[in-house]
Structures are given as C-alpha cells and as structure tokens.
1. Report the full-extension gain for the segment residue 21 to residue 66: residue separation times 0.36 nm, less the Cα-Cα distance, to one decimal in nm.
2. Inverting the mean 1/r over all pairs of different Cα atoms, compute the Kirkwood radius of the chain and quote it in Å.
3. Report, to the nearest 10°, how far helix 48-60 tilts away from the longest principal axis of the Cα atoms in the chain, using its own Cα long axis and a range of 0 to 90°.
4. What list do you get for 86, 29 if you sort them by fewest beta carbons within 10 Å?
5. Return one number: the angle in degrees, 0 to 90 and rounded to the nearest 10, between the long axis of the Cα atoms of helix 68-87 and the longest principal axis of the Cα atoms of the chain.
6. Between 37, 93, 80, which gets the highest mean-square fluctuation from a Gaussian network model of the chain, Cα cutoff 10 Å?
7. By counting other Cβ atoms within 10 Å of each Cβ, how are 82, 64 ranked from fewest to most?
8. Helix 26-39 versus the longest principal axis of the chain: what is the Cα-based angle in degrees, 0 to 90, to the nearest 10?
Amino acid sequence: MDTFFGSNPGMASRIAHHIDFPDYSESELMQIATLMLQGLNYRFDDEAEPAFARYVGLRRQQPHFANARSVRNALDRIRLRHATRLFDDDSALTREQLCTLQAQDILASRVFETSSPAGD
C-alpha cells in the first residue's frame with residue numbers, strides 16, 4: 001500500500017483511516033501452514049516441517065511475499081509435487097503416504113535456488 005500511495009500523490013489524504021497490519025512472524029506462518037494442512041487432511045513428515053520453515057524464511061526475503069497467501073500458494077505447489085511423486089510410484093499407496101508431505105516435495109521449490117528472484 002505504501003508503494004500505491006507513493007505513486008498516487010494525494011490519494012493517502014483521501015482515505016480517512018489507515019490501518020497497519022504487521023506481517024506474521026515465521027512461527028505464526030508455520031502455525032497457519034499447519035492449520036491449512038490439517039484442514040485438508042495433510043501433514044508434514046519429520047523432515048518436511050523444518051524444510052518448510054526454511055522455505056518460509058527464504059521466501060519472506062524475496063519480493064512480493066504476501067504472508068498467509070504466499071504460504072497457501074506454496075502449500076498448493078507442494079501438494080502438486082507430492083501428487084506427482086506419488087503418481088510416478090507404481091506401488092499400492094497407503095493412506096499415510098497419501099496424506100504425508102515429504103521434504104523432497106518442499107525442497108524442489110525454486111526458492112532454494114540462490115539466483116531465483118521470485119518465489120515458488
């Protein structure tokens with residue numbers, strides 16, 4: 001919003017009340033991710049949770065980070081990578097495998113590439 005108001009002189013004065021919503025902390029973003037996954041009957045395995053925490057830390061430093069929306073978008077992409085990984089597995093899958101996101105599903109993100117300007 002600061003960029004928007006800065007690019008439109010006089011606009012800020014036309015809006016009577018400005019409310020500042022501080023960004024979520026990494027801990028809060030992890031809680032949001034856990035709640036989102038629980039609502040979809042997914043969970044992180046033991047290695048995936050710290051990988052996602054690392055993802056959040058890196059993603060927050062990149063342009064266009066949008067707090068919980070970025071977390072939701074990341075979880076959507078992670079779930080797609082998870083589904084693709086399972087689809088490529090010819091063996092019978094258990095409910096546990098279907099519901100558990102692994103670190104490899106997260107670490108495939110472009111966020112972990114050092115030269116990446118935008119998030120995945």
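1. Result: 15.0 nm gained on full extension.
2. By the Kirkwood definition, the hydrodynamic radius is 16.2 Å.
3. The two axes meet at around 20 degrees.
4. With the fewest neighbours first, 86, 29 line up as 86, 29.
5. It works out to around 20 degrees.
6. The residue with the greatest mean-square fluctuation here is 93.
7. By the 10 Å Cβ count, ascending: 64, 82.
8. The angle comes out near 50 degrees.
Throughout, read-outs are computed from the coordinates displayed, never taken from laboratory work. Nothing here was measured: the structure is a model prediction, and the numbers come from that model. Glycine also receives a Cβ, built like all others from the backbone with ideal geometry; neighbour counts cover every protein chain displayed.
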